[in-house]
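Everything on this sheet refers to the single structure shown next.
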Amino acid sequence: MHLQFLLSLILSTSLTTTAANETAVLSLFRSQTDLHGTLLSNWTTSNACSANWHGINCTNNRVTAITLPSLNLRGPIAALSSLDHLHLLDLRSNRLNGTLSPLTQSPNLKHVYLSGNDFSGEIPPELSTLHRLLRLDLSNNNLRGPIPATLSNLSRLLTLHLQNNDLSGTIPTIFLDSFPRLKELNLSNNELYGTLPENLISRYGYSSFSGNEGLCGTRPFPKCSYTQGQIVPSNPSSLPSSSSSITTTQFSSNEHHKRLSNGAIVAIVVANSVLLLVIASFAVAYYCGRRSGSNSISDSDSSKRRRSSSYSGEKKVYANNNGGGGGDSDGTNATDKSKLVFFDRKKQFELEDLLRASAEMLGKGSLGTVYRAVLDDGYTVAVKRLKDANPCARKEFEQYMDVIGKLRHQNVVRFRAYYYAREEKLLVYDYMSNGSLHSLLHGNRGGGRIPLDWTTRIGLILGAARGLERIHQEYSISRIPHGNVKSSNILLDKNGVACVSDFGLSLLLSPTHAIARLGGYRAPEQAETKTLSQKADVYSFGVLLLEVLTGRAPEEAAAAVDLPRWVRSVVRDEWTAEVFDEELLRYKNIEEELVATLQVAMACVVEMPEKRPEMGEVVKMIEEIRVEQSPLGEDYDDSRDSMSPSLATTEDAAF
């Protein structure tokens with residue numbers, strides 16, 4: 001008995017000492033990354049586990065998960081290397097730097113999410129010792145050097161994201177046979193070179209390898225040629241121009257000729273150049289002579305064309321911008337107008353590449369028409385053609401694009417590039433392949449529909465709230481709002497993550513037009529003030545919450561009565577259960593969560609703007625309703641790696 005008591009006392013003392021040590025480790029991490037002490041403000045008590053420090057999860061008084069995305073943390077992660085019970089490390093979208101070597105000291109890591117930081121150096125070969133690793137995301141950093149072949153030891157790996165770095169060398173053969181369970185691989189936008197095996201493309205898709213100029217092999221990558229024992233692309237350009245692409249076609253159609261004479265090559269290039277000039281001249285003449293607005297993309301809208309169509313309308317618009325005289329009245333000359341302006345150096349392409357892309361109209365929104373464009377190398381983007389921003393001067397437009405284009409967050413659709421001309425304004429975004437929250441909520445209601453379950457709904461709500469919070473936080477001084485919060489602007493990426501789209505575009509319109517297009521999401525004060533604001537965003541988000549809870553689109557609630565008013569009337573008569581979507585009532589033990597979420601929504605839609613919570617408060621309230629359950633959690637069953645049935649991939653998607 002005394003021995004048992006003594007052992008218990010020793011164990012308790014050991015755990016207390018360990019907890020104190022881990023608390024000290026986290027405090028050191030905070031001192032190195034939260035320089036002003038404001039980002040991790042509750043990391044001040046004596047015990048990280050018992051005091052529920054923000055972003056820290058513990059099991060048996062040991063730190064097992066750190067979840068601190070998008071907090072603007074800056075500095076190294078070396079202090080975390082001694083947390084040997086750590087399973088989950090999520091530090092996405094911060095400004096952390098240094099090397100990744102500290103990761104190798106945490107042998108129990110299963111999920112590592114470090115995308116969108118400033119890590120540099122090489123990928124440590126010692127990462128191969130993390131045998132329990134399931135998911136590794138090191139994308140959007142400044143990593144250099146080769147991909148270590150030792151990663152082949154990570155046999156349990158399910159996803160590996162290394163895109164948007166500066167990795168070099170050939171693609172290791174380990175990806176052919178060493179990762180039997182690997183379902184997602186992304187090596188795009190690096191400096192990789194050499195032959196790309198066809199079975200890798202068929203397994204992971206072209207987009208997983210696009211943006212590496214030195215890769216060659218199966219189309220659409222250039223054909224490989226052999227020079228002094230080295231394999232190099234026969235066409236060194238990763239995104240060939242029209243002339244070079246025609247030259248490649250000439251080579252491929254005459255494979256029995258190993259080489260063409262220099263004279264033949266010159267002749268081909270000259271002929272192609274002349275051909276391009278002739279085509280451009282006809283296009284310019286046609287566009288300049290046509291009525292304003294005719295034969296552009298908008299004309300192609302009515303045809304509802306789908307796959308394998310082309311940007312026939314845009315081609316005329318772009319060609320006009322490449323030709324002509326001394327420039328427009330807004331100071332734009334012909335050369336400047338032919339350029340796409342990108343917000344980062346990764347995955348850039350030319351206007352010609354967009355011209356050649358197969359295009360598909362996804363739909364018309366309140367601000368313009370959206371197209372899905374697939375470039376020659378398989379890279380897919382969404383292109384929005386603005387229809388009501390034409391009066392905007394070039395300088396004003398570019399300044400505003402620069403302001404909203406700097407935003408980076410995993411719950412905000414990435415704004416990649418824009419194109420300006422006096423009569424055309426195009427925006428290029430990441431393509432979101434899983435449609436919108438609106439389509440999931442309201443599409444195909446009736447027999448055969450797979451209901452959108454509560455866990456999925458609240459997960460999407462939380463993602464949208466975090467995206468909107470980041471927008472408000474990033475522009476807290478200038479008070480730039482989103483301006484058009486609604487379910488059709490909450491899009492889902494390929495992993496089912498909710499992303500806010502159309503940020504800031506409403507400000508390009510006149511206030512009257514912008515507010516008129518808010519529909520049932522319009523805040524009461526906007527009828528008089530005719531202004532967009534962050535407080536009005538909160539109101540619109542509250543309407544969005546009510547839409548998710550009730551299953552009703554705002555304009556459809558109870559004979560055109562607005563949704564907040566209808567919900568208030570039902571709750572006032574104590575018929576609260578009648579508020580909720582019938583599809584939700586089939587799930588057990590969620591009543592308290594539904595009511596708690598309803599309370600958050602009603603707090604957002606109060607009529608007095610100053611009484612509405614900030615979006616940061618809204619996020620915290622939603623987080624308190626339910627601890628987010630996702631593949632990031634400790635209870636993740638790695639034998640099942642699929643999204644909710646409600647998030648089945650659909651081609652009816654926007655950006």
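The values are calculated or read from the model by the stated rules, or taken from the named source; none is laboratory data. Since we're looking at a predicted model, the values are computed, not measured. Cβ sites come from the backbone with ideal geometry, for glycine too, and all protein chains shown count toward neighbours.
Can you list the helices (runs of 4 or more DSSP H) found entirely within segment 453-558 that contain at least 1 residues being closer than 30 Å to LEU585 by Cβ? Full working, then the answer.
Numbers: elements: 454-474, 511-516, 526-529, 534-550.
In segment 453-558, 454-474, 534-550 are the helices (runs of 4 or more DSSP H) which contain 1 or more residues that are closer than 30 Å to LEU585 by Cβ.
Cβ contacts < 7 Å: first residue closer than 13 Å to LEU507 by Cα, restricted to segment 389-409; second residue of a type in the set (Ser, Thr, Tyr) and at pLDDT 80 or above, any location; separation 6+ or different chain. Result?
PHE397/TYR420; MET401/TYR418
Filter segment 75-101 for residues that are among the hydrophobic types (A, V, I, L, M, F, W, C) and within 25 Å of the chain's Cα centre (by Cα) and give the result.
First pass over segment 75-101, keeping only residues among the hydrophobic types (A, V, I, L, M, F, W, C): 77-80, 83, 86, 88-89, 91, 96, 100.
Within segment 75-101, ILE77, LEU88, LEU89, LEU91, LEU96, LEU100 meet the criteria.
Filter segment 149-162 down to the residues that are in contact (Cβ under 8 Å) with a residue 40 or more places away in the chain and not in a strand (DSSP E or B) and list them by number. Before you say what the answer is, go through the steps one by one.
Step one: list which residues in segment 149-162 are in contact (Cβ under 8 Å) with a residue 40 or more places away in the chain, which gives 156, 158, 161.
Once the filter is applied, which keeps residues that are in contact (Cβ under 8 Å) with a residue 40 or more places away in the chain and not in a strand (DSSP E or B), segment 149-162 yields ARG156, LEU158.
Can you report the number of residues in segment 44-68 which are at pLDDT 90 or above, part of a loop (DSSP other than H, G, I, E, B) and crowded, with 20+ Cβ neighbours inside 10 Å?
2
Restricting to segment 614-645, what's the tally of residues that are touching a helix residue (DSSP H, G or I) at 6+ places or on another chain (Cβ under 6 Å) and modelled with pLDDT of 90 or more?
Of the residues in that region, 6 qualify.
Looking at segment 522-548, I want the residues that are within 21 Å of HIS438 (Cβ to Cβ) and assigned by TED's automatic domain parsing to the domain that holds ALA603 and have a partner that is outside any helix (DSSP H, G or I) and of a type in the set (Gly, Ala, Ser) with Cβ atoms under 6 Å, at least 6 apart or on another chain. Which pairs are those?
Short answer, once both residue conditions are applied: LEU532/GLY483; ALA536/ALA523; TYR539/ALA523.
Could you tell me whether segment 137-148 includes any residue that is among the basic types (Lys, Arg) and touching a residue at least 40 places away in the same chain (Cβ under 8 Å)?
no
Output the qualifying pairs, or none if there are none: Cβ atoms under 7 angstrom, residues six or more apart or on different chains, first residue in segment 74-94 and in contact (Cβ under 8 Å) with a residue 60 or more places away in the chain, second residue surrounded by 18 or more Cβ atoms within 10 Å (Cβ to Cβ) and among the charged types (D, E, K, R).
From residues that are in contact (Cβ under 8 Å) with a residue 60 or more places away in the chain, the pairs are LEU83/GLU22; HIS87/LYS110; LEU88/LYS110.
For segment 447-456, does any single residue satisfy the condition of being within 22 Å of the chain's Cα centre (by Cα) and over 23 Å from TYR521 (Cα atoms)?
Scanning segment 447-456 turns up at least one residue that is within 22 Å of the chain's Cα centre (by Cα) and over 23 Å from TYR521 (Cα atoms).
Among the residues of segment 504-517, is any under 30 Å from THR576 (Cβ atoms) and not aliphatic (A, V, I, L, M)?
Applying the first criterion (under 30 Å from THR576 (Cβ atoms)) to segment 504-517 yields none.
The answer is no, given that none of the residues of segment 504-517 is under 30 Å from THR576 (Cβ atoms) and not aliphatic (A, V, I, L, M).
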